[in-house]
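Everything below concerns the one structure shown next.
The values are calculated or read from the model by the stated rules, or taken from the named source; none is laboratory data. Being a predicted model, the structure only gives us computed values, none of them experimental. Positions of Cβ are backbone-derived with ideal geometry, glycine not excepted, and every protein chain shown enters the neighbour counts.
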Amino acid sequence: MTTISNTSTTTAYKGNDRILIGFILGLLSFWLFGMTMLNVNVVMNQDLGLPNSSLNLAVSITALFSGMTVVIFGGLADKIGRVKITRLGFIFAIVGAALVAATPNKSGLTLPVLLTGRILQGLSAACIMPSTLALLREYWDEKGRQRAVSLWSMGTWGGTSFAALVGGAMADNLGWRWIFIVSCVLSILGLYLIRDIPESKAEQKGKSQLDYMGMLLFMFFIVTLQLFVSKGSEWGWGSMKSLIVAGISIVFLIIFILFELKRKESPFIDFSLFRNKTFTGATISNFILNGTSGVLIVTLMLMQQGGGISADTTGLLTIGYGVVILLFIRVGERLLRKYGPRKPMIWGCLILLLSIACMLPTNIMTKTYMVLMSIGYIFFGLGLAFYATPSTDAALSNLPLSQTASGSGIYKMASSLGNGFGIAISSAIYSGIIINGRPFTALDTLFIGRQDNLDFRHGAMIALLFNFIMIVIAIVVIRATVSGKTKEK
């Protein structure tokens, strides 16, 4: 167990807006610029010429590597220095964005360079998120800290919600490579802005070893599972290659669980946390709702591939998501105080169901669908705004103080992994139907307008239906596990 150390050299230091802006620029390298691939992947692939499965892997792998390693880098930050790990995150962001921007067109190096850059972008987020949050807690006083944390949160939620809009506008007007060139430049600026911040470490009480074996086993499990999800439609879901990769993933999962259950000190994932029903329910529902990021990539690809709409215009259709989530994020906090966590979490899920219901009828005319999609993204932002704060509070406030840090790491990991797998699974469903043909041709008579894009429309409808069902599962989990009362403090 570790605690924050406050030495005489650091307690006199107070954080300022220059440092805070640097932190936010680091966050935006992933949450804004890295996430633009949800919208610009179709435009990018006109140059890169990758198979759909490889492109989908490049989109989702960033969030997956962030989720896999955020706990690792959070622990390293406490041990060797939060400023060191923050700076390492900026370096990852700079190199990662530069590699994506420099990805060669249609060559043997295209996929390796692109994937390397995207992985580094994910590692950047894993370094910067826990390290900067810990620095905010140490170097900002109480009132200043609340403001700083709110602005820090805007860098994550706000960055993601405007990624499609910013990416589409830049891709259509400047070219997609400029998205990552600008990201690289802003990361260099962020690294410069935090140059004076003093180092901060956690006070080590006793000898605690990081669970390197657990981390490695977990990473092998996630990577093989991601490979199966992303490449299954190309290989064939029942092919020998797919079954072997799926089997290897299951083996790694079993070994990982058995290893972690036997580990007494500092396990990578402390399974005892899941004895707390409220923490379990909040974490599972958080994983699922972050997985609804798949809605973004499916609807944006549908509009571009099936409707012939530009990335700039499709990005504009999502503007309600960004505006509403920023306006209403604190409403969830007020609902939490009045009703406890369970009701606003369920209300948020119900609003998300309404959002997907608006976008589900891909059988209608394009212009009508664009109106429904715009309305759907307003509800999408509102649902997540209602859910976010109550879920976080439910997960962490119901844990003993000694388990809060560990629980926080698992909860953050669930966010990033949910995002990555949500994108991967929704993309796999959508692309699989495009590659293999629509399975329910009897439904063709329900689709009006153009008939040359039915595979795209069927694929999007089934992928959106998958997300709808997952949110229903999240509601069931919340009702069964999350307490209706706020934890007394």
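Descriptive notes on the structure:
- Flag for Leu327 being more than 26 Å from Leu465 (Cα to Cα), assigned to a helix (DSSP H, G or I) and in contact with an Asp or Glu (Cβ under 9 Å, 6 or more places away or on another chain): no
- Contact annotation: residue pairs with Cβ atoms under 7 Å, 6 or more positions apart or on different chains, pairing a residue in the stretch 145-159 that is over 18 Å from Gly15 (Cα atoms) with a partner that is aromatic (Phe, Trp, Tyr) and part of a helix (DSSP H, G or I), are Thr156/Trp31; Gly159/Trp31.
- Selected residue (only one of Gly437, Gly420 is more than 20 Å from Leu316 (Cα to Cα), surrounded by fewer than 17 Cβ atoms within 10 Å (Cβ to Cβ) and either in contact with a strand residue (DSSP E or B) (Cβ under 9 Å, 6 or more places away or on another chain) or among the small types (Gly, Ala, Ser) (or both)): Gly437
- Selection count, the stretch 93-107, where residues are surrounded by fewer than 23 Cβ atoms within 10 Å (Cβ to Cβ) and either under 17 Å from Leu120 (Cα atoms) or touching a Phe, Trp or Tyr at 6+ places or on another chain (Cβ under 8 Å) (or both): 6
- Test: residue in the stretch 397-406 that is surrounded by fewer than 22 Cβ atoms within 10 Å (Cβ to Cβ), touching an Asp or Glu at 6+ places or on another chain (Cβ under 8 Å) and at negative phi: yes
- Taking the stretch 478-489 as the range and being in a helix (DSSP H, G or I) and either modelled with pLDDT under 95 or surrounded by fewer than 19 Cβ atoms within 10 Å (Cβ to Cβ) (or both) as the test, the residues that pass are Arg479, Ala480, Thr481.
- Restricting attention to the stretch 421-475, the residues being in a helix (DSSP H, G or I), more than 26 Å from Gly238 (Cβ to Cβ) and without any contact (Cβ under 8 Å) to a residue 60 or more places away in the chain number 1.
- So Ile80, is it more than 27 Å from Ile425 (Cα to Cα), buried (at least 20 other Cβ atoms within 10 Å of the Cβ) and more than 19 Å from the chain's Cα centre (by Cα): no
- Gly144 vs. criteria out of contact with any helix residue (DSSP H, G or I) (no Cβ under 7 Å at 6 or more places or on another chain), farther than 19 Å from Thr103 by Cβ and surrounded by fewer than 17 Cβ atoms within 10 Å (Cβ to Cβ): yes
- Search result, residues across the stretch 268-301 that are without any contact (Cβ under 8 Å) to a residue 60 or more places away in the chain and either among the charged types (D, E, K, R) or part of a loop (DSSP other than H, G, I, E, B) (or both): Arg275
- If the condition is being closer than 20 Å to Asn105 by Cβ and of a type outside the set (Gly, Ala, Ser), then the stretch 138-172 contributes Met170, Asp172.
- When Leu350, Leu372, Leu336 are screened for being more than 15 Å from Ser161 (Cβ to Cβ), in contact with an Asp or Glu (Cβ under 8 Å, 6 or more places away or on another chain) and not in a loop (DSSP other than H, G, I, E, B), only Leu336 passes.
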